[in-house]
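Heads up: the structure comes next, in structure tokens.
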Amino acid sequence: MSAAPTTPAPAAGRAGMKKELPEHFKAYKGVWVFMEMERGVVHPVSFELLGEGRKLADQLGVELAGCILGPAGEGMNHAVVETFAYGADLCYVMEDPLLTDYRNEPYSKGLTDLVNTYKPEILLLGATTLGRSVATTLLTGLTADCTELAVDADKSLAATRPTFGGSLLCTIYTLNFRPQMATIRPRVMSMPERQDKPVGKVVTHPLNMVEDDIVTKILNFIADRQTGKVNLAYADVVVAGGLGLGAVENMQLVKNLAKALGAEYGCSRPIVQKGWMPAERQIGQTGKTIRPKLYIAAGISGAIQHRVGVEGADMIVAINTDKNAPIFDFAHVGVVTDAVRFLPALTEAFTRRLSPHNRDRLAG
Amino acid sequence: MHIVVCIKQVPDSAQIRVHPVTNTIMRQGVPTIINPYDLFALEEALRLRDKHGGEVTVLTMGPPMAEDSLRKALTFGADRAVLLTDRFFAGSDTLATSYALAAAIAKIGEVFGKPEIVFTGKQTIDGDTAQVGPGIAKRQNLLQLTYVSKIAKVDLAGGKIEVERRAEGGIQVLETKLPVLITMLEGTNDMRRGSMADALRAARAEVVVWSAKDAGIEDLLKCGLRGSPTVVKRVFAPSPRAEKARQIMIEPTALETADKLIEDIFGTLPALETELVELHQTL
């Protein structure tokens, strides 16, 4: 795009709509992050959101709170400690064994009660299967999959997200409803620095529900650890292939390089559409957002919808025959060559370089 | 059994282009498709109908041209199509949309029989919010099962359903009571092609067209722009990155050039090399 970048103009406040916030919504104060805990473990996206929430709370001059639902026990205690360590000023905690696994009924009631009682002005949730499902319960509307959050002149939340298949960005306001809610996908925001901090104020609130109130029953849970599910989003090194590889059998070249590096592998959207790799391997706006230290893209042209999913990588290496491919606009190192022929050479070179006898060289 | 499937007509995002000078969307001639995620819901509904008998009603809200997507759904084998269209719905966000669809589903229940299952896709490709399905459930006071990867069992007589649901750390096997709203995960089935008989029937079929009033919607303040708490304020193009990639032109099969690239990578990320070598020991 040769035209000057159209960065957003400074916000005019309340989205310039000249609408006063209704009186009863002015009681809503503070920024909350929904700390997603499932089976005793906090999802890393919650800590990423605390980093964003901290900035918003500081701009607004209000407190940042973590809101945690789950069973009492070690997992909960750990979650509270970590919530403070990642920047929260206080915690709202709802402890109940009924909250061990996500089920819509107890989670909806729990979150609704907490929000209606303590009234946050902003609530951030991870755009996960849990976060997106529970968010709807408040019926306030929300901005999904945000890539940037800011506070405007009138202290309203300005939430920016990709639109039209990622080719443009749009900024969305929540007028006349509180809390203002936004979901953010894992790895879109960077992980804030952890600092040891004493546990501060913890407000507890009861769920007031019994198992008989809940219609939906959990019959079983099949953990991904047993099934070897991919964890692309949190991998340190990712190798991905695109249509430039030309044929389904060349996907193996991507897998081989990934294996040599101990990396995860993935692909661009057209590869999934062709059925050459499963949907869980798709990287990009409609697939996974990744934030690895090293990302190697082979035969991927770099459409904007792919770009938004990989921009957070520390280093992007692109291999493509077309020296004008858009991927060279955001890659750090570009290799203009045929990936099908280059990947085996690169795999062999990496294997040699990382072989055990090189350890001594590094140590020395 | 009666199953309602909510679908949405969306622009084919793969074909959207941005004008290189004005940075505006070039909408002209962008073809529309049924939101791809909705097809998994539709196929699942058709399979349940084929197994248990009954009818599948497809429902969409949109401009009159959204009828195309309903007809397409009929060619796949849906039994009935309802188009909810009214100028009052213009500018709806997820909250206003779920309000209108919930009302229409209630009306469908009155006119054509109460549905045991309401299906939606997990999200749309143009909004990505994943809020309309759960929003309908909330408005209708229906139980909800989101991100369902498999319908394991439907017990119509006992009014029960068992499904597998994608959670963050694994798969939940859940049982709940009918009626229920289900949002279907992608990749769970392959859409059928639809028979010639279905295609002929679709061409002749009457699509039921309802206005807000027809659907029994009384509170127009909850519809369209006025019923939508979220407002899109600005649309702008992402700023291009300042510096371009350092390009290396090389012989693709030469090992030395691969070494050169690796030198470049580990020169930038020295800590990564140490980590990878250590990882290699444990492999």
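Which three extents, in whole angstrom, do the alpha-carbon atoms of the protein assembly as shown cover along their principal axes, largest first?
Computed over the Cα atoms, the extents are 77, 66, 52 Å.
Antiparallel versus total DSSP beta bridges in region A:20-221: what percent is that, nearest 5?
Rounded to the nearest five, the antiparallel share is 30 percent.
Using only the alpha carbon atoms of chain B, find the Kirkwood hydrodynamic radius as the inverse mean reciprocal pair distance, in angstroms to one decimal.
By the Kirkwood definition, the hydrodynamic radius is 21.7 Å.
Given the options A:GLY87, A:LEU56, A:ALA150, identify the residue whose Cα lies farthest towards the positive end of the charge dipole of chain A (+1 on Cβ of Lys, Arg; -1 on Cβ of Asp, Glu).
Working it through, the farthest residue towards the positive pole turns out to be A:ALA150.
Mean Kyte-Doolittle of at least -0.5 plus a Cα span of 15 Å or more along the axis: flag which DSSP H helices in chain A meet both, please.
The answer, listed by residue number, is A:44-60, A:74-85, A:251-261, A:339-353.
To check you understand DSSP bridge types, tell me what percent of the beta bridges within the protein assembly as shown (both residues inside) are antiparallel, rounded to 5.
Rounded to the nearest five, the antiparallel share is 35 percent.
Positive end of the charge dipole of chain B (Lys, Arg +1 and Asp, Glu -1 on Cβ, about the Cα centre): tell me which of B:ALA197, B:TYR37, B:GLY187 has its Cα farthest that way.
Result: B:ALA197, furthest along the dipole toward the positive end.
Quick check for me: using +1 on Lys/Arg Cβ and -1 on Asp/Glu Cβ, what's the dipole size of chain A about its Cα centre, in debye to the nearest 20?
That gives chain A a dipole magnitude of about 940 debye.
Extension gain A:ASP314-A:GLU193, at 0.36 nm per residue separation less the Cα-Cα distance, in nm?
Net length gain for the segment: 41.9 nm.
So, by mean Cβ neighbours within 10 angstrom, what's the order for A:335-347, B:258-270, A:134-146, B:79-91 with the highest one leading?
Result, highest mean Cβ count within 10 Å first: A:134-146, A:335-347, B:79-91, B:258-270.
Report relative contact order for region B:70-188 in percent, whole number only (criteria: Cα-Cα under 8 Å, sequence separation at least 6).
24
Need one value for A:342-348: mean number of C-beta atoms belonging to other chains within 10 Å of its residues' C-beta atoms.
5
What is the calculated FRET efficiency for B:GLU263 to A:GLN59, with r their C-beta to C-beta distance and R₀ = 56 Å, to the nearest 0.05?
Calculated value: 0.80.
By how many degrees, between 0 and 90 and to the nearest 10, does the Cα long axis of helix B:36-52 differ from the longest principal axis of chain B?
Computed tilt is about 50 degrees.
I need the peptides A:290-303, B:142-155 ranked by packing, meaning the mean over residues of other C-beta atoms within 10 angstrom, with the highest value on top.
Ranking the peptides A:290-303, B:142-155 by packing returns A:290-303, B:142-155.
Calculate, in nm to one decimal, what B:ALA152 and B:GLU206 gain on full extension: separation in residues at 0.36 nm each, minus their alpha carbon distance.
16.1 nm
Once you place label points 7 Å from the Cα toward the Cβ at A:ASN116 and B:VAL235, how far apart are they in nm?
Modelled inter-label distance: 3.7 nm.
Sticking with the crude label model, points 7 Å out along Cα→Cβ, report the distance from B:GLU275 to B:ASN141 in nm, one decimal please.
So the label points at B:GLU275 and B:ASN141 sit 5.3 nm apart.
In peptide B:120-132, how many Cβ atoms from other protein chains are near each Cβ within 10 Å, on average?
Average neighbour count from other chains, rounded to a whole number: 5.
Please compute the contact order of chain B in relative form: average sequence separation of alpha-carbon pairs under 8 Å and at least six residues apart, divided by the residue count, as a percent.
After rounding, I find 22 percent.
Give me the dipole magnitude in Debye, nearest 20, for the protein assembly as shown about the Cα centre, with unit charges on the beta carbon: positive for Lys and Arg, negative for Asp and Glu.
1200
Which of rounded, prolate, oblate describes chain A, given a ≥ b ≥ c as roots of the alpha-carbon gyration tensor eigenvalues and a/c under 1.5 marking rounded, otherwise prolate only if a/b is larger than b/c?
It is prolate, given that a/c is not under 1.5 and a/b is the larger ratio.
Amide H of A:GLY141: which non-local residues (sequence gap of 5 or more, or other chain) have their own amide H closer than 5 Å, using H built in the peptide plane?
none
If amide hydrogens are placed 1.01 Å from N in the peptide plane, which non-local residues have theirs closer than 5 Å to the one on A:VAL93?
Counting only residues 5 or more places away or on other chains, the set is A:ILE68, A:VAL203, A:THR204, A:HIS205.
Using per-residue counts of other Cβ atoms within 10 Å, averaged over each peptide, order A:256-262, A:181-187 from highest down.
Sorting A:256-262, A:181-187 by mean packing, highest first, produces A:181-187, A:256-262.
Of the options A:LEU232, A:GLY244, A:VAL333, report the single residue whose Cα projects farthest towards the positive end of the charge dipole of region A:223-364 (beta-carbon charges: Lys, Arg +1; Asp, Glu -1).
Final value for the positive-end residue is A:LEU232.
Of all DSSP beta bridges located in chain A, what percent are antiparallel, nearest 5?
Antiparallel: roughly 20 percent of the beta bridges in chain A.
So how tilted is helix B:270-282 from the main axis of chain B? Cα-based, degrees 0 to 90, rounded to 10.
Taking the Cα atoms of chain B, the angle to B:270-282 is about 80 degrees.
For labels at A:GLU74 and B:GLU110 in the simple 7 Å Cα→Cβ model, what's the distance in nm?
5.7
Could you work out the helix-only [θ] at 222 nm for the protein assembly as shown, with each DSSP H run of four or more residues adding -39,500 (n - 2.57) and the total divided by the number of residues, to the nearest 500 deg cm²/dmol?
When only DSSP H runs of four or more count, the value is -9000 deg cm²/dmol.
Mind listing P(r) for region A:237-358? All alpha-carbon pairs, 10 Å bins, whole percents.
Each 10 Å bin holds this share of Cα pairs: 15, 50, 31, 4, 0.
If I histogram all Cα-Cα distances within region A:20-221 using bins 10 Å wide from 0, what percent of pairs lands in each bin?
9, 37, 37, 15, 2, 0
Looking only at other chains, what is the average number of their beta-carbon atoms within 10 angstrom of each beta-carbon in A:140-146?
Mean shielding count: 6.
Considering Cα pairs under 8 angstrom that are at least six residues apart, work out the relative contact order of chain A and quote it in whole percent.
Relative contact order here is 14 percent.
Does anything in region A:125-156 have its amide N under 20 Å from the 7 Å Cα→Cβ label point of A:VAL230, and if so which residues?
It comes to A:127-130, nothing else.
Non-local amide H neighbours of B:VAL5 (under 5 Å, H modeled in plane, Pro and chain starts lacking H): which ones?
B:THR57, B:VAL58, B:LEU59, B:PHE119
Readers should treat all values here as calculations from the given coordinates under stated rules, not as data from a laboratory. Predicted model, so just to flag it, every value in this text is computed and none were measured. Cβ: placed from backbone, ideal geometry, glycine included. Neighbour counts: every protein chain shown.
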